[in-house]
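J.: Can you keep this structure in mind? I'll have questions shortly.
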Amino acid sequence: MEIAHILVALDGSELGRRAMEVGIDVALRYRARATILTAIQHPAYAATVGEVEEADAEQRAFAERVQRDAIEAARMRGLDVAAAIVSGHPAEAIVDYARQHAVDLIVMGHRGLSNLRRFLIGSVTDRVVDHAPCMVLVVTERHLR
Amino acid sequence: MPETMTAMIMGVLIFLATVISVELGISVALIEICLGVLAGNVLGLQPTPWIDYLAGFGSIVLTFLAGAEVDTRLLREQFKASALIGGLSFLLPFLGAWAFALWVLGWAPDAAKIAGVALSTTSLAVVYAVLVETGLTSTPLGKLIMASTFITDFGTAAALSVLFVSPTPWIVAFLGVSAAMIVIMPRLQPWFFRRYGNRVIEPEIKGAFAALLTLMYVGRLADSHAVLPAFVLGLAVSSVFAAHRAEQRRFRVVAFAMLTPFFFIKAGMSVGLSAISANLAVLGLLLAVKMATKFLGVLPVARRYAGAHAMYTTLLMSTGLTFGTISSLYGLQAGIIDRTQFSLLVTTVILSAVVPTIIAQRFYDPRRARAGAALAASPLALAPAEEGDE
């Protein structure tokens, strides 16, 4: 099994941070290059341009902060990582990026959703697992304990 | 119901809409309309005069913001193509929906005009959100679609202000006050911002609100609607706003926190679910008329200017939300349309925000066509445009 390119999906959560640690471990072990990806989503069917612009600016600033910390954590362990911020639904963005950049392994966190949230918005991880063109390593809440 | 209780329910609804919007990733305006429908049809909440007034002011603030969000440089760059696409995107749906409401549905002439205006709109915000999401805002295609939307918005605003004017002496005052504000405010603002700006007491926002409230008052005296001068005033100060992003952001904060929620919730409260369920066929026909006339108007010229992305352009130009809702609510409050007609128009407008967007993104997303041969046939590349690129 060859793992040359690892994609770590970061969303700013504790599980995402843990997924980053796992991603660094795997990248170092397989001498793979790593990319961190954060998806930003805009409000659908907005009524004003301002709503979209402000949401974009806020989420972009948040994503940059999260990625800065992740890049620093990787560097402290001797790994240089690339970073990308993409627009769109997180699951679609992660799968599209993996397809377009020959990713061999996606590492991401998965928090348990309530039945209502799962019904309303579904799970990003479930969708990525269903549609990813490569292996997916899922870090769950159990790994935090 | 006591007014304090109405105020409390409105406050809770506005708060809930924000939380739900963040959780679901759907615009707060759409959630506010839905909660308004719930409040009006299930909780029995009825609009009060103060809600009506705040909603009316919210609609003028939304219109002003829409004008202020116009990129005038972009409009100049793309003027010829966007004037054609945007002009036809307004004109054909306006005439088509007007004629359909008048002759097929048998609505009164003025009610049919409201239908024409409400269904002629294109939502700049819906279009912009899709373009940002697909990374197309800085491409020639994205710029063309946005510039065309500005033109359609202008057509809608002009129609709403002009079509219902009564020939009274107040018209002269309305025109004079509007013109004076549009000429003076952009010239005064840079000095005003320097002298009074950046204070927690917000003189800039209060100045803009005073101007808009004045337009509303004089417009009312003239039996007209301040939507056109508010839009043009926004357009006139757009460069000032572009140079003062912090002030623009604070204006948005105040508008989204305190004013626009009343407009969207009131619009939702005025929708009768029973009126919609009893007229589902009419609802479907109104949506079909809007889409068909948008296609008739936009698709032929979009083929010329957007090539392989003509269908995508046409679908995005078929979206509507804010101006459609503003026009419908104006018609209801002025007694031009009844609650059933309002319910049908607003529901059609909401559907037109959702249906064309989904079709465009699912079947005609230019990113998916990027690798295809179709792209080669397009006069518009998808690479970001250079400064001043047409």
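J.: Roughly how much of A:R77 is accessible, in Å² to the nearest 10, using a 1.4 Å probe?
T.: For A:R77, the solvent-accessible surface is approximately 110 Å².
J.: Then there is this: Tell me, what is the 1.4 Å probe accessible area of B:C34, in Å² to the nearest 10?
T.: Around 80 Å² of this residue is reachable by solvent.
J.: Please tell me which of these pairs span more than 24 angstrom C-alpha to C-alpha: B:K143/B:K266; B:K80/B:K294; B:K80/B:K143; B:K143/B:K294; B:K113/B:K294; B:K80/B:K113?
T.: B:K143/B:K266; B:K80/B:K113
J.: Still on this structure: Packing-wise, with mean Cβ within 10 Å as the measure, how do A:37-45, B:343-351, B:143-151 rank, highest first?
T.: Most protected by this proxy first, the peptides run B:143-151, B:343-351, A:37-45.
J.: What dipole magnitude, in Debye to the nearest 20, does chain A give about its Cα centre under +1 on Lys/Arg Cβ and -1 on Asp/Glu Cβ?
T.: 580 debye
J.: In addition: Given the peptides B:70-83, B:166-179, B:105-118, arrange them by the average over their residues of other C-beta atoms within 10 Å, most packed first.
T.: B:105-118, B:70-83, B:166-179
J.: Could you pull out the chymotrypsin sites (Phe, Trp or Tyr not before Pro) across the range B:265-360 that fall in loop regions by DSSP (anything but H, G, I, E, B) with no more than 11 other Cβ atoms inside 10 Å?
T.: On the way: sites: B:F295, B:Y305, B:Y312, B:F323, B:Y330, B:F342; in loops: none.
Those that pass, being in a loop and sparsely packed, number zero.
J.: Taking each residue of B:15-28 in turn, how many C-beta atoms of other protein chains fall within 10 Å of its C-beta, and what is the average? List each step's numbers first, then the result.
T.: Values: counts 0, 0, 0, 0, 0, 1, 5, 2, 3, 5, 8, 5, 10, 6.
Going residue by residue through B:15-28 and averaging, the value is 3.
J.: Using alpha carbons only, how many angstrom separate the centre of the range B:278-355 from the centre of the range B:35-89?
T.: 14 Å
J.: Given contacts defined as C-alpha pairs under 8 Å and at least six residues apart, what's the relative contact order of chain A, whole-number percent?
T.: Relative contact order for chain A comes out at 31 percent.
J.: Report, to the nearest 10°, how far helix A:90-100 tilts away from the longest principal axis of the Cα atoms in chain A, using its own Cα long axis and a range of 0 to 90°.
T.: Relative to chain A, helix A:90-100 is tipped by roughly 50 degrees.
J.: With an 8 Å cut-off on Cα pairs and a minimum separation of 6 or more residues, tell me the relative contact order of chain B in percent.
T.: Worked out over chain B, it gives 29 percent.
J.: What distance in nm separates the simple spin-label points at B:T72 and B:F192, each placed 7 Å from Cα in the Cβ direction?
T.: About 1.5 nm separates the two model spin labels.
J.: Averaged over peptide A:86-96, how many Cβ atoms belonging to another chain are found within 10 Å of each residue's Cβ?
T.: Mean inter-chain Cβ contacts per residue within 10 Å come to 2.
J.: Let me know the mean shielding of A:52-61 by other chains, meaning the per-residue number of their Cβ atoms within 10 Å of its Cβ. Can you show the working numbers first?
T.: On the way: counts 13, 9, 5, 7, 5, 2, 0, 0, 0, 0.
Shielding by partners across A:52-61 averages 4.
The values are calculated or read from the model by the stated rules, or taken from the named source; none is laboratory data. The structure displayed is predicted, hence computed values, not measured ones. Note: ideal-geometry Cβ built from the backbone for every residue, glycine included; neighbour counts use all protein chains shown. Please note that ligands, DNA and RNA were not included when accessible areas were found on the heavy atoms of the full protein model with its side chains. Shrake-Rupley method; radii C 1.70, N 1.55, O 1.52, S 1.80 Å.
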